[in-house]
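This report refers to the structure that appears directly beneath it.
Bear in mind these aren't lab numbers, they're just calculated from the coordinates by the rules spelled out. Remember, predicted model here, so these are calculated numbers, not experimental data. For neighbour counting, all protein chains shown are included, and Cβ atoms are generated from backbone atoms with ideal geometry for every residue, glycine included.
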Amino acid sequence: MKKSKRTTKAIAGITALIFTTGLVLWSCNREKQLLTANDYLAWMDDEANGLVRAHHVNGMEVRVKYLPAEYLVHRELGVSSTRQQRDSLLKLYESSLSFLMTLGPDAAKGERGDVMQRGLQKYSEYAERVHTMNFDLEQLVRVEGNGISVRPVLSAMENTYGLQESRSIIFAFALEPAQRTQLLSGDIDFIYEDELFELGILHFAFNQKDLQQLPAFPGR
Amino acid sequence: MKTKLTWIAIAAIAAFSGWTFYRTLNTPRIAFVRSAQLVEGFTGMKEARASFTKKTQTTQANIDSLQKSLMQSINSYSAERSSLSKEEQQKREQLLGMQQNAMQQYVAAMEERSGEEESEMTQGVLNQINSFVEQYGREQGYTVILGTTLSGNVLYGEDIVDITDEVLTGLNTSYKASPPAQEK
């Protein structure tokens, strides 16, 4: 009788443990099921998810955001696209890596002013900065990880028409499949060697886990 | 009577502790760092120097190649000089002079540019250090963090207020592992 009671207790304990584990796993999984594209964008911008890194130097803030392939597909096609179109574009984006770098005044320190004119004294300096930011930033940026170092094949600065104080530049790195696998099998270091704002060399470290455990894009 | 004395003693101790606590809170926390050691030990400085040296080497290779080309032209002219007419000699010498001037101008421009780049590189590193020290000081509750320089604005400081090592460790850690972005 005593033995039977003990067995029942053990079964109840194991059941409770399995239930709790299941609940924990379910809730963890649930966090990654985002309902809308806007949820996904908010998730990307949440610093805790590891896709955004920043440095604050000399009154400036430099933010780097990893752009997942699925986000880029959404940005290009929007919601009104066929699955075939999305898959085709996704395949294309999955063969590269994309990052968005934003250079702006450090608002937390009360810094203001258009970064394009920051610290400049002559028009020639302004012209040089505009030229560098539009055409030469690829020379100042690279991604390193697992013994691989690559420079972007493309950079494009968003035109803000003077409506914003910061500037965002998107960088695309083209990678061979094997190279991509090797690079993504470890942590990634996005390096920006600043020559424009006296910020020195800035490292933005992204964890492999954060880049690989992305939630599924809503609607896919 | 005894109880009264005990209460007075407790009140006196409490008042003294409160006063000490208040003083501690209001005592400025001052520390210093050995600036030169901080700059030299900073990984960002080492990397910036390596990057600068790499760029300088490319420029130097260009200068070497131009010098080599000029020397070849001079040697070639020396070998052929006796067989050339006076007019041809003048023409070749004029060309050599132009080549030499162009090279000197290039070297001067590169030296100037290199100097500017070195100064920008150093300023970038110093800005990184200054921004970090400012943040570190705020987070650790320092009122003032002084820096020793060659001009000697800190002449003496006890080891207990020398925070060079801990600042350097924090600086190098923050340099490689970029902190998450602050929420906007």
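Could you tell me the relative contact order of chain B? Use alpha-carbon pairs under 8 Å, at least six residues apart, and round to a whole percent. Intermediate values should be presented prior to the final figure.
Values: 99 pairs, mean separation 88.7, N = 184.
Worked out over chain B, it gives 48 percent.
For segment A:86-145, count the residues as N, evaluate 2.2 N^0.38 Å, and divide the Cα radius of gyration by that value, please.
On the way: Rg = 16.7 Å, N = 60, 2.2 N^0.38 = 10.4 Å.
Computed over Cα atoms of segment A:86-145, the ratio equals 1.60.
Mind giving me the nanometre distance, one decimal, between the label points for B:Lys68 and B:Gln89, set 7 Å out from Cα along Cα→Cβ?
3.1 nm
Percent of alpha carbon pairs in chain A separated by more than 31 Å? Mind dumping the intermediate values first?
Values: 8483 of 24090 pairs.
Summing the P(r) tail past 31 Å for chain A gives 35 percent.
Which semi-axis lengths, in whole Å and largest first, follow from the square roots of five times the eigenvalues of the Cα gyration tensor of the protein assembly as shown?
On the way: eigenvalues 592, 303, 85 Å².
In descending order, the three semi-axes are 54, 39, 21 Å.
Give me P(r) over segment B:27-175, computed from all C-alpha to C-alpha distances, binned every 5 Å, as integer percentages.
2, 8, 13, 13, 11, 8, 7, 6, 6, 5, 5, 5, 4, 3, 2, 1, 0, 0
Set the Förster distance to 35 Å, then compute FRET efficiency between B:Leu155 and B:Thr20 from the Cβ-Cβ distance, nearest 0.05. Provide the component values of the computation, followed by the final result.
On the way: r = 30 Å, r/R0 = 0.86.
That gives a FRET efficiency of 0.70.
Among the listed pairs A:Lys65/A:Lys109; A:Lys122/B:Lys176; A:Lys65/A:Lys209; A:Lys65/B:Lys46, which are separated by more than 24 Å between their Cα atoms? Can you show the working numbers first?
Values: A:Lys65/A:Lys109 21 Å; A:Lys122/B:Lys176 34 Å; A:Lys65/A:Lys209 15 Å; A:Lys65/B:Lys46 26 Å.
Over 24 Å Cα-Cα: A:Lys122/B:Lys176; A:Lys65/B:Lys46.
Amide H to amide H, which residues 5 or more places from B:Gly147 or on other chains are under 5 Å from it, using H placed in the peptide plane?
B:Val33
Hey, in the GNM for chain B with a 10 angstrom Cα cutoff, which one of B:Glu80, B:Glu118, B:Glu47 fluctuates hardest?
Result: B:Glu80 has the largest fluctuation of those listed.
Mind listing the phi-derived Karplus ³J(HN,Hα) values for segment B:104-116, rounded to whole Hz, using 6.51, -1.76 and 1.60 with θ = phi - 60°, and x for any glycine or proline?
Per-residue couplings from phi come out as 5, 5, 5, 4, 4, 5, 5, 5, 5, 5, 4, x, 5 Hz.
Mind telling me which of A:Leu90, A:Leu137, A:Leu77 comes out most flexible in a GNM of chain A, alpha-carbon contacts under 10 Å?
Answer for the Gaussian network model of chain A: A:Leu77.
Estimate the FRET efficiency between B:Gln100 and B:Lys54 by the formula 1/(1 + (r/R0)^6), using the beta-carbon distance for r and 25 Å for R0, to the nearest 0.05. Show your work: numbers first, answer last.
Working: r = 28 Å, r/R0 = 1.13.
After rounding to 0.05, the efficiency reads 0.30.
Give me the angle, in degrees from 0 to 90, between the Cα long axis of helix A:83-93 and the longest principal axis of the Cα atoms of chain A, rounded to the nearest 10.
Once rounded, the angle reads 60 degrees.
Residue by residue through segment B:141-149, which ³J(HN,Hα) values in whole Hz follow from phi under the Karplus form 6.51 cos²θ - 1.76 cosθ + 1.60 (θ = phi - 60°), with glycine and proline marked x?
x, 7, 7, 9, 10, 8, x, 7, 10
Amide H of A:Leu67: which non-local residues (sequence gap of 5 or more, or other chain) have their own amide H closer than 5 Å, using H built in the peptide plane?
Those qualifying (amide H under 5 Å, at least 5 residues apart or on another chain) are A:Ser98, A:Phe99, A:Leu100.
Residue by residue, what Karplus-based ³J(HN,Hα) values in Hz, rounded to whole numbers, does segment B:82-91 have, using 6.51, -1.76 and 1.60 with θ = phi - 60° and x for Gly and Pro?
Along segment B:82-91, the couplings run 5, 8, 9, 6, 4, 5, 5, 4, 4, 4 Hz.
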